[in-house]
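Take a look at the structure set out below.
Here, each number is a calculation from the coordinates, and none is a lab measurement. It should be emphasised that the depicted structure is a prediction, and the values quoted were computed from it without experimental measurement. Positions of Cβ are generated from backbone atoms using ideal geometry, with glycine treated the same way; all protein chains shown enter the neighbour counts.
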Amino acid sequence: MRLLSVYFIFMHLIAGEGVNLPLVIVTWEYPNATDKAYGILTSGGSSVDAVEEGCTFCEDYPSKCRYSVGFEGKVDENGEATLDAMIMDGTTLNVGAVGGIRRIKRATTVARHVLDYTRHSLLVGDQATDFAKDFVGLPEEDLNTDYNREVFESWKDENCQPNFWMNVQPDPTENCGPYSPSDQDKVVNLKETSSPSNHDTIGIVAVDSVGNVASAASTNGLNHKIPGRVGDSPIPGAGSYADNDVGGAAATGDGDVMIRFLPSYQTVENMRNGMDPKTAASDALRRIAVKYPQYMGAVIGATNDGEYGIACYGYEEVQYCTQDPKSGGPYCRDVTCDVTTSTSACLQSIALSWWISVVLISASLSAHLF
Ligand code: SD4
């Protein structure tokens, strides 16, 4: 399969189409993180190094990543920031991840050590913290800041609204906890827990100049999450996915819903079956929307030859950044979310992408034969 992808990249080249590599694509407007990752690729680093460094930038400087990645931002119901992160290496399909890691800033570096030095995929909670201190050598730090404290205090002043409880007493739509299971009529909490300001995880895909793919995600999760909650970001196939034979994808949004559909895996599989990245990501998000019309999410996708795209659902618009040899620096833009629950638009684009593939392959063959 690896040979096959090198063959396809080669065929694109001889068809004169050019392969625009290396490539970095990042969720949301994080130009510095994009540039950091791209710099690693152009200075001889691997795609795994690139995605790690991109995420680490946001973990070190949360204020440059909208306070939703890293230590300074979204806190749980106890006012503590805990981090989820993963890295996937598309060469080996190996994954390293941490969930709900506490008192450690560089969650993605810890994930990288799980990837490189263990046969596990995911470490969680306090024991992940011990691994970070004892094996990785990272300092254990108090992640509380004035900003975190302010976010927490204003949430408490608003009677702990919104929150993620349901079927409990006292009524979670009006009261803080502690709660207990309710035997009475079910109280379902439909208050908005997701909003454009409660999302911003960094998801990243990097493809080096010979088509090696890696993906990563890092987040402090959803604001006011229940302590102990781990989201979609450290889960392979949900937060991100990479396979050198095809490409990579990464997701952001309402993780408790998205985790059930593995949208990054679905996007990569859709690309494997011939869809272009945007169509592939749209199809992955549409499958979720059919069951959960209220959710919000976005997925980026890139092929191993540098084609990329993004799709989003539930937001008005999202931002993403890319960097490649043609972009002359990190290039960030807004996209309007146009995924719907209907399949017809999707089928039309599949037909179009098949048609384009047929034309390209014929052009490659004739360039090769004559
Ligand atoms: C989560 N998916 O923990 C993450 C949050 C997110 O942009 O993507 N924010 O649910």
Hey, can you grab everything whose amide H is under 5 Å from the amide H of residue 123? Only 5+ residues off in sequence or another chain; H modelled, so Pro and N-termini drop out. 97, 98, 99
Distance in nm between label sites at residue 135 and residue 210, each 7 Å beyond Cα in the beta-carbon direction? 2.9 nm
Note the full-extension length gain between residue 145 and residue 226 as 0.36 nm times their separation in residues minus their Cα-Cα distance, in nm to one decimal. 27.2 nm
What are the ³J(HN,Hα) couplings of segment 235-246, residue after residue, when phi is run through the Karplus curve with 6.51, -1.76, 1.60 and θ = phi - 60°? Round to Hz, x for glycine and proline. 9, x, x, 9, x, 6, 7, 8, 8, 3, 5, 10
Expected output is a single nm value to one decimal: the length gained when fully extending between residue 327 and residue 63, i.e. 0.36 nm times separation in residues minus the C-alpha distance. What is it? 92.5 nm
Per-q log10 I(q)/I(0), segment 284-337, q = 0.13, 0.16, 0.17 Å⁻¹ (Debye; single scatterer per alpha-carbon; no solvent): -0.39, -0.55, -0.61
Shape call for segment 50-127 from the C-alpha gyration tensor, a ≥ b ≥ c root eigenvalues: rounded (a/c under 1.5), prolate (a/b greater than b/c) or oblate? oblate
Reduced to Cα centres, the span from segment 68-110 to segment 120-141 in Å works out to 11 Å
Which ³J(HN,Hα) values, rounded to whole Hz and listed in residue order, are derived for segment 329-337 from phi using the Karplus coefficients 6.51, -1.76 and 1.60 in 6.51 cos²θ - 1.76 cosθ + 1.60 with θ = phi - 60°, glycine and proline given as x? x, x, 10, 10, 8, 8, 10, 7, 7
5 Å is the cut-off here: which amide hydrogens, built 1.01 Å from N in the peptide plane, fall below it relative to residue 104, excluding neighbours closer than 5 in sequence? 141
Taking 25 Å as the cut-off for C-alpha to C-alpha distance, list the pairs among 105/225; 133/156; 105/278; 64/278 that go past it. 133/156; 105/278; 64/278
